[in-house]
Each structure stands twice: as structure tokens, then as C-alpha cells.
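Following this message is one structure expressed as C-alpha cells.
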Amino acid sequence: MARRKNYKRRRTILSNTFHLIRENGMDSVSFQMIAEKSGISKSLLQSYYPHKSNLITDVVRNILNTLDKQVQKFSVNKEDEVCARTKAFIYAIEMLGIYDEGLKRIITEVFKSNESLDFWSKTINDWLKEKQLFDHFDFDPKEVRMGIAFAVTGVSRLYYDNKEYEVSPEEIADYGTKAFMYSFLHSSRPTIERALKEGHEIIESTDIKTIHHAIDTMFDEDKEIVC
């Protein structure tokens, strides 16, 4: 019973944190604000999440997990290779920022400083290891980790300055995927082109409204959460 209550409270905390940072931005949301919205004391909140970074990490992990499930759902071939899904994944992030001002605020803030980029890279890397997405490939874990950091930095710059560079969400997804595959996974050009083509097919079948709804409701009681 206690475990169920703790899980339910974590869901409430994560949901309220997500909606608060969506409305106000990460830097403007304090532990006190989250505690008050969750109907608990600040000290109780900190017994669940001693540091704000731990709390933000769990929110981001749930966003990533929900996005991954949605991308797999829209895959034309359920066995699409991970790099094709990577392209569709980047595209979905870009489109969500266009579709929803609150999500754009979260994405932009994550992308705008070296500290938050390091956090974003580490969170994605930890999430990939947890999902074991690259475990069945003969890749060097160090190079995968470096590639993620490199791709996140490049994609974030294009996202942040997309008006200056005049690039579309799919073009950004192509650049990020190609750089990751060529420089760090040492993929051949035919392999890269095939992944980009398969990624495009996933994108063609993707409904951003459905993905947005999944993100919007990811902390609802009937949804499985990561915490």
C-alpha cells in the first residue's frame, strides 16, 4: 500500500512539475511552487527528489520514453533500425516545439546553455542505455556517448537559430542523424541513406497531434510512468 501511495505521489509531483515548467520555464519553477501545487510540504517533496535536477531528469525521461513509444507506433516497419527511428525522433522533437509554445519553451531552455546541453546529453545517454537501443550493435559505447553529445549540440544550434539558417524540422533531423552515423557509428553512405529514407517513411506516417496528446497526457493515472 505504501509503495502504491509513493508511486501515486511521484506521478502527481512529476505531472505538476511538467505543467509548471511548461507554463513558466525551468528557471522560474521552484521546489516551493511544485510542493504547493502538489499539496505537500517542501521537505516531503525533497524526500522524493533531493535535488531539482533529479526531478527534471525524471520529467525528461518520461518525455523521451513517450516519444520513443510514439515513434515506434508510427514506424512503417516495426523492425526499423534504430538510426531511422533516431531521425524520426529528432523530427518529432522539432515539430512539438512548433506545435506547442509550452513545449517549445522547455526544448529551447534545454538547448540554450552548455550546462543544460550537458544535462540533456547525459539524460539521453542514460535513457538509451536503459532502453538498450544500441546493445545489439557492435558499437563503441564511448563513441556512441560522444556522438550523442555532438548531435545534441548541433541539433540544438539549428533548432535555436532555425530562422537564421532556414532549415526545416526534417532537414535538422537529417543533419543530426547523418553526423551521428557517419562520424561516430562509422556507417557507410548507403547505410546512412537507407536510414534517412526509412526515417522519412516513419515521418510520413506520423501524426504530430497524436504525439502531442500522448505527451500532454503522459502522467495520467492510466499511463505507465518512468520514475
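Roll a 1.4 Å probe over the protein chains and send me the accessible area per residue for the chain in Å². Numbers along the way, then the final one.
On the way: 12160 Å² over 227 residues.
Ligands and nucleic acids excluded, the figure is 54 Å² per residue.
From a point 7 Å beyond the Cα of Arg9 in the direction of its Cβ, which residues of the stretch 19-56 have a backbone N at a distance under 14 Å?
Only 35-36, 38-50 fall inside the zone, counting backbone N under 14 Å.
Select from Tyr175, His19, Ala84 the residue farthest towards the positive end of the dipole of the chain; place +1 on Cβ of Lys and Arg, -1 on Cβ of Asp and Glu, and compute about the Cα centre.
His19
How are the alpha carbon pair distances in the stretch 1-71 distributed across 10 Å bins from zero to the largest one, expressed in percent?
Computed distribution, short to long bins: 20, 53, 23, 4.
Continuing with this model, one more query. Taking R0 as 45 Å, what's the FRET efficiency between Arg189 and Asp220 from their Cβ-Cβ distance, rounded to 0.05? Write out the running numbers ahead of the final one.
Values: r = 44 Å, r/R0 = 0.97.
Computed FRET efficiency for Arg189 and Asp220: 0.55.
Give, as a single signed number, the net charge of other residues whose beta carbon lies under 14 Å from the beta carbon of Ala214, with Lys and Arg counted +1 and Asp and Glu -1.
Net charge around Ala214: -3.
Can you compute the equivalent ellipsoid semi-axes for the stretch 176-227, i.e. the square root of 5 times each eigenvalue of the Cα gyration tensor, sorted largest first and rounded to whole Å? Don't jump to the answer; show the numbers that get you there.
Details: eigenvalues 203, 47, 11 Å².
So the equivalent ellipsoid measures 32, 15, 7 Å along its semi-axes.
I want to verify the translational diffusion coefficient of the chain in µm²/s; compute it with Stokes-Einstein, Rh as the Kirkwood radius over Cα pairs, at 37 °C and 0.692 mPa s.
Once the numbers are plugged in, D ends up at 179 µm²/s.
The values are calculated or read from the model by the stated rules, or taken from the named source; none is laboratory data. This one's a predicted model, so the numbers in the text were calculated from it and none came from an experiment. A quick note on method: Cβ atoms are made from the backbone with ideal geometry, for glycine too, and the neighbour counts reach across all protein chains shown. Side chains are part of the model used for accessible areas, which takes the heavy atoms of the whole protein and leaves out ligands, DNA and RNA. Shrake-Rupley method; radii C 1.70, N 1.55, O 1.52, S 1.80 Å.
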